[in-house]
Amino acid sequence: MGEVGEEVGRVVSYKETPSFSECYVLLSPGQKARPGELLLVEVEKGRHYVIGRVEEGTEVNLYESPDLAHTRSLLGIESVSNRENLPNKYRLLRLDLLEEIVGGNQVKPTIREIQTLVSAGSRVFRAPPDWAAPALGLLPPSGGADGDGMYIGTTVGEVPIPVILSANAVLPRHILIVGSTGTGKSWLRGVIAEEIWKLGIPQVNVDVHGEFVKAATELGGENLVPGQSLTVPLSSLSEPEVIGLIPYLTELQGEIVRRAFLNLKKSGRAFGVSDFVNEVRRVGIELNAREQTIAIAADRVEALNSVRIIGGGIDWSHKLATKKFVNIDCRGLAHSELQAVAGAVARELLSLRMRGKIPPVVFSIDEAHLFVPHSAPGEETTSGQVIREVIRFGRHYGLCLILVTPAPSDIDRRIVRVTNTRFIFATEPDQLDYLKGVFADAPEDVIKRLPKLEQGVCLLTGSRETVRHALLVKVRRRKTTHGGETPNIVEEVKRFFGERNGERRPGRIDSFF
């Protein structure tokens, strides 16, 4: 695995440590460390180490006590405590001990849970990427970029560690991406899209805001527009989705329509609007409804011919064989249409995978809270039900789910908890309560800092099969066009009024004062 990194300090006996879970490190003069950075504690030189994560840091500086600082101020004496080699000034780090690395000089050392009590006085080194990656559950930089590796970015720290996730471990267990608007969610989704594309895995993306239209084209994929290049068969919808598309039904008319639709679904064959209308008339007669009631119900159902998303459907088997990135551009769709499209596509993909008609595929949904909202038992949306089925069965059949949302409080908490890999960007404090249980072993200090994370930095957590320990990640640069930029309102107004073309400008506000 190569040599350990730079020596940064030594373990000290402080506050009932070292223990099996934590220790304190006295930093050598001039050395620095950042929260979340990984360090190696030496047990046996070249062979046995314990890897720890920086939880917090403290400076002890007896020269800057309030009384001494006050006295110097009164006497006009300049402080010299900014020097590093003073006997009564030092820095302490608290390390959360994560894993043991036994056989560090071997190509594949043993990674195990903490079993050794480190000794005070042990040397502490920066953790090189090849040492730290296996302990975190990441693929090693020396060999992880090929095969099934997905390069997401680097850890935050003095020695950045490439974050390379195993697609075979992460994708089947589903991914959740959360964070406030403008923090980097769409950017990360684009990075993941690039990595999935490199691996040759097909992906279907429900794009609510049109953020991936350009990226799909750049990756040789295709943009499908519901109602134009994409329709869903009536027979692939569920009963609540269909009822949501038919307005103004009375209670009796609704019962006739529901029964007719469920009868057609039970037949197991494909059907269209004309079949639906005929079945409505038959059921209406069966229920002894008045002729006018039956006629109105039939007319309402016939109006489905004007619903743009309903049609002959799409041959997903052929589409995914030729296009590895299919982006469904859902701009302009009503909420009921959005749910119908997402639910129908998810249902079709799951059915095709279970029958082996399509290859393993990644299904991604932006604004996921619109499709799997937090709801009381018995009030779940149809799209939420089918997405729950994807989570439940997808891992066994190779249908992988990526959910993206700025509002974790509005999403079904049960679904949040069963996603095994989570990327958490800066989010408001009131949203953090809804993410309890998905922070894994993230330090409390890091969780408290989540509302203030810089753009493009996120907390990565997961299960032991995906990411062993929580870490802060700086997402890498994208190669495809990022479509989620926040517009420059001032410049857009100027362009709208033709200011750059030398035309007459609207009056400036300061001309009134």
Original post:
What whole-number value in Å² describes the accessible area per residue of the chain for a 1.4 Å probe?
Top reply: 48 Å²
Subject >> region 65-125: proportion of alpha-carbon pairs further apart than 14 angstrom, % >> reply: 75 percent
Subject >> P(r), alpha carbons of region 128-229 - 10 Å bins starting at zero, rounded % >> reply: 13, 40, 33, 12, 2, 0
Original post:
Modelled label-to-label distance, H396 and M354, 7 Å Cα→beta-carbon offset: nm?
Top reply: 1.0 nm
Subject >> Magnitude of the charge dipole, the chain, Cβ model with Lys/Arg +1 and Asp/Glu -1, debye to 20 >> reply: 900 debye
**OP:** Using label points projected 7 Å from each Cα along Cα→Cβ, tell me how many nm separate N88 and D315, to one decimal.
**Re:** 8.4 nm
Original post:
Based on the Kirkwood radius over alpha-carbon pairs, what value in µm²/s does the Stokes-Einstein equation return for the translational diffusion coefficient of region 287-348 at 37 °C and 0.692 mPa s?
Top reply: 226 µm²/s
Subject >> Solution diffusion estimate, µm²/s, Stokes-Einstein, region 357-476, Kirkwood Rh from C-alpha pairs, 20 °C, viscosity 1.002 mPa s >> reply: 140 µm²/s
Original post:
How many nm separate the modelled label positions at V493 and K479, each set 7 Å beyond the Cα in the direction of the Cβ?
Top reply: 4.0 nm
Original post:
Which is the longest stretch in the chain that no exposed loop site breaks, taking sites as GluC sites (Glu not before Pro) with a DSSP loop state and at most 10 other Cβ atoms within 10 Å?
Top reply: 114-378
Original post:
Over the Cα atoms of region 1-158, what is the Rg over Rh ratio if Rh follows Kirkwood?
Top reply: 1.09
Original post:
Based on the Cβ-Cβ distance from E251 to L117, what FRET efficiency comes out when R0 is 56 Å, to the nearest 0.05?
Top reply: 0.20
**OP:** Among the listed pairs K266/K357; K185/K479; K319/K357; K323/K474; K32/K89; K452/K479, give every one whose C-alpha distance is greater than 19 Å.
**Re:** K266/K357; K323/K474; K452/K479
Subject >> Per-q log10 I(q)/I(0), the chain, q = 0.08, 0.09, 0.12 Å⁻¹ (Debye; single scatterer per alpha-carbon; no solvent) >> reply: -0.65, -0.77, -1.09
Original post:
Could you give the distance between the Cα centres of region 264-322 and region 385-455, to the whole Å?
Top reply: 38 Å
Original post:
How much net charge surrounds D130 when only the other residues with a Cβ under 12 Å from the Cβ of D130 are counted, with Lys and Arg +1 and Asp and Glu -1?
Top reply: 0
Original post:
Round to a whole number: what % of the accessible area of the chain belongs to carbon and sulfur, probe 1.4 Å?
Top reply: 50 percent
Original post:
What is the gain in length, in nm to one decimal, between K15 and S180 on full extension, counting 0.36 nm per residue of separation less the C-alpha to C-alpha distance?
Top reply: 55.6 nm
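The values are calculated or read from the model by the stated rules, or taken from the named source; none is laboratory data. The structure displayed is predicted, hence computed values, not measured ones. Positions of Cβ are generated from backbone atoms using ideal geometry, with glycine treated the same way; all protein chains shown enter the neighbour counts. Calculation scope for accessible area: heavy atoms of the full protein, side chains included, ligands and nucleic acids excluded. Shrake-Rupley method; radii C 1.70, N 1.55, O 1.52, S 1.80 Å.
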